[in-house]
Every structure is written in structure tokens, then in C-alpha cells.
């Protein structure tokens, strides 16, 4: 029977937003399993919303429908969203209804809606889902966040591990579903030989503080001068990102060894940035977000390629990569550099075994595989719901 799935969180219509692309891809593929999926979206311009519609048409997500929120005050947008959510929930066409809350946004309202309608209430956990500090008051507040929901959708095994570490009680129904990727798109890229000069190291991603991008620049200082960095990221048309990269180049004395390519459309990332790299890089800081909460999209994409990876060793990276695939380093520049040198000196057969393992792991994160697993979990939850009622 067809399910109605409402993603109860407004997302930006900006095509350079990693969150927007993650939601549209993950839930667009879920809509393929006889599900009608509703996603609220906010656009500042008509061009932004047209780009999103073009993306949905290109990917043939015909069962994913947008609630386009008005360009007005946040309160009016929220009322508009709530009204449309109620209209969908009143539809008799759907016997199975799901509301997905992203972290804590609208959770109080979703719990109220659950008392009115016969719906499954799920919470998706992302970067800001975990408490940054542990006090008795914050613990009690966060525990409240975890109760009276039908299921928890974690995007990294490190997230429930964190909660268990601090003695939280989690919902009985839970699943770990890392952010998805188009496996074929990334598996087709080419790896550069270490015989090439310069040896190209690549980072693609945002420059938020917890990602600890300066670690890469500092590590480059400990590498021979024929190791160069190719970097892409930041926001579309943002001069701030360019200034940020130039500042790091000057700070670490790396003139001539760093090439910044700005923001690259996600559809071109594999071909224009990742392909022909010798090593892919994933720095992280020591915050709770970096260590436990994040599910680094770039790590998942990197792992689908035939290119070795050096990443900072954290529960979040180990949770996605396991052991014996990605090369894990301390969050220290010298250690990070040594990881890169280790790869460059490895025998071909040993390196191929590591890459084969990372590919096998990444394959299970493919959008279609992820959506199939998500849909099967939802069906089990509805069976449990019918038995309990």
C-alpha cells in the first residue's frame, strides 16, 4: 500500500547546499518504492526553485512533491507549512503515513500531530543532534528529545555509540543509514599515478570550522614540494571562500602548490575535481560534531572511487569506513602527512586490496540500495504498529 512520507523540515532551494541535495536524493529515491514524498522548500528567487525542479525532472523523481514556501516572514512560512502538512494528512488515499523530523526542528509540533493522526514519527540525526556538553540539566533535556518517537534514523554508527556512552535511552526502533551517493558516478573516475609530477592531493568540501581544513595546508608543509593540493568547495559565487584559501596559502608558505577551483556543481565533482587525484583527503577537528555526529558525505563519495584516502581517525570516520580500507591519521599535521607518504610508498597489490575494501563498503551506500533498506524498515515499523494497535 502506498505510503505518504512528509519530510517535516524546510530546506533551502540553493543547489550548492549539501543538505538540500542530500534530502532530495535520499528521499527522491525512497519515493520510487510506491511512496509519495513531500518536501518543504524555501527559495529566495524563482531561478533557485526552477533549478530544483530541473534536478527532480532530470532524476525522474515523479513521486517527490515540493511544498514551495512563500517569500515572507518565518512565522508566515511556518503557518503555511503546517497548513499544508495537515491537508496532506487528512487525505484518505493513504493508510500509511510518516512524518520525518530532522533533528529537533518542529519535533514538539510533530508529537502533537501524532496525537491527532495515526502516523509514524521518525527523527533523523545529523551534525547538531548530539549534546555538545554533558550536564544533568542538558542530559534530561536531550533525553526528552529521544522519547515518544516511533523510530530513530542515524546517519552514522558513531551517533548511537555516543548516546550509549553517556547512558541515554534510545528508541527501540532504530536504523543506521549513512547519506547516500551515486556509486557508479564516483566509481568511474581515474586515479593518478604516484609517478606523475606533481602528485595531486585533493580535498572537496565545505570550510566550516569543525572540518579543520587548515590541517591539510599544515600537513603539506611536511611533504616534498612535488606534492600539490587541489581544493574545491565553499559556497557558489562566494569571494569569502577564495580569501580563506589564499590566507591559508600565505600562512603556511604554499605559494605555487595549491590550486583552488572554487565551488563546483555536485554533478561535476567526480569528473572535474576527484578524477586524476593520487590521494583524497578528509580532515576533521576534535569537536563532538566532528568526532561523533557527522556522516561525512565526501568520505562516502571518496570510498566509491579507485583512489586511496587519508582521513582523520575519529569514531565518525571509522563508523563509515570500518578498518583496513581508509588510511586513518591523528589530527596532527605531521601524522597526516606521514599517512600520505605511506600510501605513495605502498606496493601496488596492498593498495589495491585497501581500495577494493573501501569500494565494497561504499557500494552499500548507493542511493538505490539505501532507499530499499529504508523502505523495508518502514514496512516493519508499520507491521509493529498494527500489532500494537
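The values are calculated or read from the model by the stated rules, or taken from the named source; none is laboratory data. On a predicted model such as this, the values are computed, not experimentally measured, just so you know. Note: ideal-geometry Cβ built from the backbone for every residue, glycine included; neighbour counts use all protein chains shown.
Yes or no: residue 305 surrounded by 17 or more Cβ atoms within 10 Å (Cβ to Cβ), within 18 Å of the chain's Cα centre (by Cα) and free of Cβ contacts under 8 Å to residues at least 40 places away in the same chain? Explain how you work it out, then say what you get.
Numbers: surrounded by 17 or more Cβ atoms within 10 Å (Cβ to Cβ): yes; within 18 Å of the chain's Cα centre (by Cα): yes; free of Cβ contacts under 8 Å to residues at least 40 places away in the same chain: no.
No; evaluated as a whole, the condition is false for this residue.
From the list 245, 200, 147, pick out the single residue that is under 17 Å from residue 259 (Cα atoms) and without any contact (Cβ under 8 Å) to a residue 40 or more places away in the chain.
Numbers: 200 fails: without any contact (Cβ under 8 Å) to a residue 40 or more places away in the chain; 147 fails: under 17 Å from residue 259 (Cα atoms).
Just one listed residue meets the conditions, 245.
Which of (1) touching a strand residue (DSSP E or B) at 6+ places or on another chain (Cβ under 6 Å); (2) within 23 Å of residue 107 (Cβ to Cβ) is the odd one out, the single condition residue 13 does not satisfy?
(2)
Mind listing just one residue for me: the one in segment 290-299 that is surrounded by fewer than 24 Cβ atoms within 10 Å (Cβ to Cβ) and modelled with pLDDT of 95 or more and, of those, nearest to residue 369 (Cα to Cα)?
Residue satisfying both the conditions and the ranking: 292.
Which of the residues spanning segment 118-138 are surrounded by 15 or more Cβ atoms within 10 Å (Cβ to Cβ) and over 23 Å from the mean Cα position of the chain (by Cα)?
Hits for segment 118-138 are 119, 120.
Only residues that are outside any helix (DSSP H, G or I), under 21 Å from residue 23 (Cα atoms) and touching a helix residue (DSSP H, G or I) at 6+ places or on another chain (Cβ under 9 Å): list them for segment 101-120, please.
Going residue by residue through segment 101-120, those that are outside any helix (DSSP H, G or I) are 101-106, 117-120.
If we keep only those that are under 21 Å from residue 23 (Cα atoms) as well, we get 101-106, 119-120.
Those that are outside any helix (DSSP H, G or I), under 21 Å from residue 23 (Cα atoms) and touching a helix residue (DSSP H, G or I) at 6+ places or on another chain (Cβ under 9 Å): 101, 102, 103, 104, 106, 119, 120.
Only residues that are within 22 Å of residue 290 (Cβ to Cβ) and outside any loop (DSSP other than H, G, I, E, B): list them for segment 231-250, please.
Within segment 231-250, 231, 232, 233, 240, 241, 244, 245, 247, 248 meet the criteria.
Looking at segment 235-263, which of its residues are surrounded by 13 or more Cβ atoms within 10 Å (Cβ to Cβ) and more than 24 Å from residue 219 (Cα to Cα)?
Once the filter is applied, which keeps residues that are surrounded by 13 or more Cβ atoms within 10 Å (Cβ to Cβ) and more than 24 Å from residue 219 (Cα to Cα), segment 235-263 yields 235, 236, 238.
Taking residue 298 as the residue in question, decide whether it is farther than 22 Å from residue 208 by Cα and part of a helix (DSSP H, G or I). Before you say what the answer is, go through the steps one by one.
Values: farther than 22 Å from residue 208 by Cα: no; part of a helix (DSSP H, G or I): yes.
So residue 298 fails the test.
Spot the failing condition for residue 284; the list is (1) crowded, with 22+ Cβ neighbours inside 10 Å; (2) assigned to a helix (DSSP H, G or I), and only one is missed.
Failing condition for residue 284: (2).
Looking only at segment 16-26, filter to residues that are in contact with a strand residue (DSSP E or B) (Cβ under 7 Å, 6 or more places away or on another chain) and surrounded by fewer than 22 Cβ atoms within 10 Å (Cβ to Cβ); which one of those is modelled with the lowest pLDDT?
Residue satisfying both the conditions and the ranking: 19.
When you scan segment 217-239, do you find a residue that is touching a helix residue (DSSP H, G or I) at 6+ places or on another chain (Cβ under 6 Å) and within 23 Å of residue 185 (Cβ to Cβ), even just one? Spell out the reasoning first.
Of segment 217-239, the ones touching a helix residue (DSSP H, G or I) at 6+ places or on another chain (Cβ under 6 Å) are 217-219, 222-223, 229, 232, 234.
Pick out the ones that are also within 23 Å of residue 185 (Cβ to Cβ) and you get 232, 234.
Yes, some residue in segment 217-239 is touching a helix residue (DSSP H, G or I) at 6+ places or on another chain (Cβ under 6 Å) and within 23 Å of residue 185 (Cβ to Cβ).
Give the residue, chosen from 378, 320, that is in contact with a strand residue (DSSP E or B) (Cβ under 8 Å, 6 or more places away or on another chain), surrounded by 17 or more Cβ atoms within 10 Å (Cβ to Cβ) and within 24 Å of residue 28 (Cα to Cα).
Working: 320 fails: in contact with a strand residue (DSSP E or B) (Cβ under 8 Å, 6 or more places away or on another chain).
On inspection, the qualifying residue turns out to be 378.
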